[in-house]
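Just below is one structure, and these are the notes that go with it.
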Amino acid sequence: MPSLPRRQRVAAYAVIMRVTPTPDAGPEVLLCRLASRISRSELWTLPGGGLDHGEDPRDALLREIVEETGLHATVGDTAHVYSAHLPRASRDGVMTDFHALRIVYDAWVPPDSPAPRVIEVGGSTVEAAWHPLSRVVDGTLPVVAMVGEALADHAPFQLQRVAAYALIRRGSAVLLTRLSETAHHTGSWTLPGGGIDHGEPPASALAREVAEECGVPCEVGALLDVHDTHFAGTAPSGRVEDFHGVHLIFAATVPGDAEPRVVEVGGTTDRVAWVEVADIESGDVSVLDLVRHASGLASG
């Protein structure tokens, strides 16, 4: 029996997730509906497609995402490879020994992205849309097998961030900074401080952050406590993350005549002020859990 002609196709796809504003709705995944010439019935797949000869997989994926959804994505470092080997008929009706290699990346789009829409004319995609992940998992949305495989292997990006914060007291008040529009929890108040760069001593990182956010020098004292938070959500970039924040709370002082003011332009802080501990404890001021935790230290 003569062997079938061989054909191998390499393609790159993306799992793009988002968390909806309604907590009960659950996460959504971006999918593309295949044209009728490819699937006679409704069938959805991940955004992506075949690599041109010599094309980098990430470059191919970014191109395909724009063509199929009109969105501009960022592609992560995490990928899985899926292999499918089966005889099938080609578009001209000839049976071939077909081998499909699919590279599936983690990717994300900015949270303010417009609704997806198909740009490419006459391509394999006729519709792009966000769908509840629950509809894919329970089988109510018809998807190609690769979608189920990729979602089973997909896990939110894990990010652990270690940061240093200052508890600076002046009488019955503590120094707080307000988070700007560029930050998560916009409009909430937090302690001055921020992330520790690789290799940077925590005390040095804290002094740097206080100078940037409050415009005043500070003397970093003893470590008072360690606070942490763990949640899954959408980062400012649009990426769905499993986030763990570890917060080192230090006692600190500033000169008695210091007048705090925001120095950093375009950063995560848009205001700085002395806030009464009583206003924090009464709930009159919107603060992060870190501040509530530290206010107990301040009043103790």
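The values are calculated or read from the model by the stated rules, or taken from the named source; none is laboratory data. These figures come from a predicted structure and were not determined experimentally. Don't worry about glycine lacking a Cβ; one is built from the backbone with ideal geometry, like all the others, and counts go over all protein chains shown.
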Q.
Contact list please: Cβ distance under 9 Å, first residue in region 47-69 and of a type in the set (Lys, Arg), second residue exposed (fewer than 15 other Cβ atoms within 10 Å of the Cβ), pairs at least six apart or on different chains.
A. Arg63/Asp52; Arg63/Glu55
Q: Filter region 195-233 down to the residues that are out of contact with any strand residue (DSSP E or B) (no Cβ under 8 Å at 6 or more places or on another chain) and hydrophobic (A, V, I, L, M, F, W, C), then identify the one that is farthest from Ile249 (Cα to Cα).
A: Val216
Q. Looking only at strands (runs of 3 or more DSSP E) that fall completely inside region 142-219, which ones have 2 or more residues that are of a type in the set (D, E, K, R) and within 19 Å of His293 (Cβ to Cβ)?
A. 157-170
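I'd like the full set of residues that are of a type in the set (A, V, I, L, M, F, W, C), in a strand (DSSP E or B) and closer than 21 Å to Asp97 by Cα, limited to region 7-55.
Step one: of region 7-55, the residues of a type in the set (A, V, I, L, M, F, W, C) are 10-12, 14-17, 19, 25, 29-32, 34-35, 38, 43-44, 46, 51.
From what is left, the residues that are in a strand (DSSP E or B) are 10-12, 14-17, 19, 29-32, 34, 44.
Listed by number, the residues that qualify are Val10, Ala11, Ala12.
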Q: Identify all residues within region 3-60 that are within 24 Å of Thr234 (Cα to Cα) and of a type in the set (Ser, Thr, Tyr); write none if there are none.
A: Tyr13, Thr20, Thr22, Thr45
Q: Among the residues of region 145-165, count how many are surrounded by fewer than 17 Cβ atoms within 10 Å (Cβ to Cβ) and either of a type in the set (Ser, Thr, Tyr) or under 23 Å from Arg37 (Cα atoms) (or both).
A: 2
Q. Taking region 109-141 only, how many residues are part of a strand (DSSP E or B), under 17 Å from Leu62 (Cα atoms) and over 21 Å from the mean Cα position of the chain (by Cα)?
A. 1
(Q) I'd like to check something: does region 223-233 contain any residue that is among the small types (Gly, Ala, Ser) and within 25 Å of Ile280 (Cβ to Cβ)? (A) yes
**Q.** Residues of region 125-147 satisfying the condition of being modelled with pLDDT of 95 or more and among the small types (Gly, Ala, Ser)
**A.** Ala128, Ala129
